[in-house]
């Protein structure tokens, strides 16, 4: 039985990156093989990926999902949108001294109001909200909301974050957290891969606020993942089939890309389309699509640490993280990256 303690480690607080590197490709890259660790710069990734390989990116765009306001009683609240369902409805987390009651109205950013319809989510951790006036939630959040930096980044979102907490290829709005492995790529590096005959393909997984929810059970088999939407284009499925047929490797850029690909292949055949996934990947999982993974360093006891342990091996990841801490790599969203080989 795997427990939460199997995925714990001590991380010095000063290694949690609070700001991005000066340039996207200036971050460090730890290439993790079964029996070797290589300290590189992220730009060196160009030499690690071979002609004929395929990089698969998550092109979700982060929305300004954090909103501040007040209840009708005057109490202050913070709303963190989990997903916008349609132009008038959203699922959100609400932080307040007292949880709002169904039917109550909240005012956000002194700009618009929403009605609380009730609890939502498997454990009632979210609320369903409805816009009470004319308007479009996508436009309202973009105009009045704040970029939802992760809880371990201590500063409020600034101009730097507006650019750097977004990938250069972000297209489809709806994520409330960035697919952070992609933050290391700039347009020049993407062009260099194409010149090298490394193919680029895209999918969209709308990362939800639930990605930061802690695992609350000791036996990880009892944990239930939050659900996220993803869309896998037929062009990406075709690119993967072409790469595999010609002996190339499928390189997922980020755990979100990997989760979408593996979720879409649960039937045994990779299928294009839009779907929801609550796939929970832990050691023992049999990977169907992805050969290599580019990812950042993850939080202790997190589902993402469990995922990379499943992919590269628990002992390999434990050794790699100890090495990264000793070598003062930077951790989490604005931190450095790893290139992992599937065990």
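Please treat every number below as a calculation from the coordinates, not as lab data. Not measured: the values here are computed from a predicted model. Quick reminder, even Gly has a Cβ in these numbers, built from the backbone with ideal geometry, and neighbours come from all protein chains shown.
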* Asked: Kirkwood Rh, the chain, all Cα pairs: how many Å?
  -> 20.9 Å
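Please state the relative contact order of the stretch 66-144 as a whole percent: Cα pairs under 8 Å, 6+ residues apart? Each step should come with its number before you reach the end.
Details: 170 pairs, mean separation 22.2, N = 79.
Once divided by the residue count of the stretch 66-144, the mean separation gives 28 percent.
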* Quick one: among 93, 244, 134, which has the greatest mean-square fluctuation in a GNM of the chain with alpha-carbon springs under 10 angstrom? => 134
* Kindly put 184, 226 in sequence by how many other C-beta atoms sit within 10 Å of each C-beta, fewest to most. => 226, 184
* Extending each Cα 7 Å along its Cβ direction at residue 13 and residue 96, get the distance between those two points in nm, one decimal. => 3.1 nm
* Likely footprinting exposure, 194, 341, fewest C-beta neighbours within 10 Å first -> 194, 341
* To do: Multiply the residue gap between residue 219 and residue 105 by 0.36 nm, knock off their C-alpha separation, and tell me the result in nm, one decimal place.
  => 37.1 nm
* D for the stretch 66-144, whole µm²/s, Stokes-Einstein with Kirkwood Rh over alpha-carbon pairs at 37 °C and 0.692 mPa s: what number? -> 268 µm²/s
* Structure fact -> Listed residues 235, 177, 13; largest mean-square fluctuation, Gaussian network over the chain with Cα springs below 10 Å, found at 13
* Asked: What percentage of all Cα-Cα pairs in the stretch 68-207 are separated by more than 27 Å?
  -> 31 percent
* **For peptides 203-213, 278-288, sequence by mean Cβ density within 10 Å, most packed first** => 203-213, 278-288
* Asked: For residue 78 and residue 274 in the same chain, what is the full-extension length gain: residue separation times 0.36 nm, less their Cα-Cα distance, in nm?
  -> 67.5 nm
* With each label point set 7 Å from Cα along the Cα-Cβ vector, what nm distance links residue 88 and residue 238? -> 3.9 nm
* Highest GNM mean-square fluctuation, the chain, Cα pairs closer than 10 Å: which of 182, 74, 121? -> 74
* Asked: Fewest to most neighbouring Cβ within 10 Å: what's the order for 80, 1, 338?
  -> 1, 80, 338
* Over the alpha-carbon set of the stretch 39-88, work out the extent along each principal axis and list the three values in angstrom, largest first. => 61, 29, 10
* **Antiparallel DSSP beta bridges within the chain, as percent of all bridges there, nearest 5** => 70 percent
* What is the gain in length, in nm to one decimal, between residue 246 and residue 286 on full extension, counting 0.36 nm per residue of separation less the C-alpha to C-alpha distance? -> 12.2 nm
